[in-house]
1. Quick check: at a probe of 1.4 Å, how many percent of the accessible area of segment 2-231 sits on carbon and sulfur atoms?
2. From the phi angles alone, apply the Karplus equation (6.51, -1.76, 1.60; θ = phi - 60°) to segment 86-93 and give each ³J(HN,Hα) in whole Hz, x where the residue is Gly or Pro.
3. Do any GluC sites (Glu not before Pro) in segment 21-61 lie in a loop, going by DSSP, with at most 12 other beta-carbon atoms within 10 Å of their beta carbon, and if so which?
4. What Kirkwood hydrodynamic radius do you get for segment 153-229 when you take the inverse of the mean 1/r over all pairs of distinct Cα atoms, in Å?
5. What is the Cα convex hull volume of segment 2-231 when expressed per residue in Å³?
6. Using DSSP to define loop residues, name the trypsin sites (Lys or Arg not before Pro) in segment 133-171 whose beta-carbon has at most 14 other beta-carbon atoms within 10 Å.
7. Of all beta bridges DSSP finds with both residues in the chain, what is the antiparallel percent, to the nearest 5?
8. Name the most mobile residue of Val83, Val37, Val113, meaning the one with the largest mean-square fluctuation, in a Gaussian network model of the chain with Cα contacts below 10 Å.
Amino acid sequence: MTDFHMHVLPGIDDGSKNADMSVEMLERSAAYGVDTVCATSHFYAHENSLGRFLRRRAEAFERLSQAMDGRDDLPEILLGAEVYYFSGVSAMDGLERLCLEGTDLLLLEMPFVRWTDRMLREVQTIRSLGIQPVAAHIERYMHIQDRRTMQRFLELDVLIQCNAEFFLSRRTARQALGMLKQGGIQFLGSDAHNLSSRAPDLGEALGLVERKLGRGAVLQLEDNAQFFIRENEGRFS
Ligand SMILES: [Fe+2]
């Protein structure tokens, strides 16, 4: 199983504080069958240049690799980023370098406001560059957008990631299961930041999916993730 969204790299953003915590996050993930973790550290253009971000990410990965010490019981890590939308993001030099390692997939965190035409156009421009945007935690925007805006967004051919909590919250579980059944979710992520308030929780969500929709739905989710990772394999890497 792939966890498509996790702040597992140590000391680079508001996620894992140190390499020991990262290893424990990976251990917890492995315990419920995760074999691939996408390390999607926050990229905020106003805080980091691309070069600085990539350098810090490489250093954080190096610290984590040392702590993992070649253990083969831990998930494989693919380096990526969670890119926060900003005006001009589609014209950023080197944007493709923030795609998930070996793919054209870009995890894009949209702003938490009603999306404007301009924002939608930028997403479309990113798509036209041959980068495949994946909307991070779609459930966090849905109540902000009107139906038509969300429809227009989905028509831009973005892929959809949702967090485990979409399934685990009583308020949204029905909606999450409905979306999954209709093929509206391509990637599941824990968006884990630590071991307490935002701990890896994909296992609980997968358990719920299995109870409500059957084992086939869980396998389908994994097939989806692998299919899209393979499908979007590396024009940029
Ligand atoms: Fe995140």
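1. 46
2. Working through the residues one at a time gives 9, 5, x, 4, 5, 9, 5, 5 Hz.
3. Glu47
4. Computed over Cα pairs of segment 153-229, the Kirkwood hydrodynamic radius comes out at 12.8 Å.
5. In segment 2-231, the Cα convex hull volume per residue is 118 Å³.
6. Here the trypsin sites (Lys or Arg not before Pro) that fit, given the DSSP loop and packing criteria, are Arg170, Arg171.
7. Counting only bridges with both partners in the chain, antiparallel ones make up about 5 percent.
8. Among Val83, Val37, Val113, the largest mean-square fluctuation in the Gaussian network model of the chain belongs to Val113.
The values are calculated or read from the model by the stated rules, or taken from the named source; none is laboratory data. The model shown is predicted, which means the values in this text are computed figures rather than measured ones. Please note: Cβ atoms are built from the backbone with ideal geometry, for glycine as well, and neighbour counts cover all protein chains shown. Note: accessible area is taken over every heavy atom of the protein model, side chains too, but ligands, DNA and RNA are not part of it. Shrake-Rupley method; radii C 1.70, N 1.55, O 1.52, S 1.80 Å.
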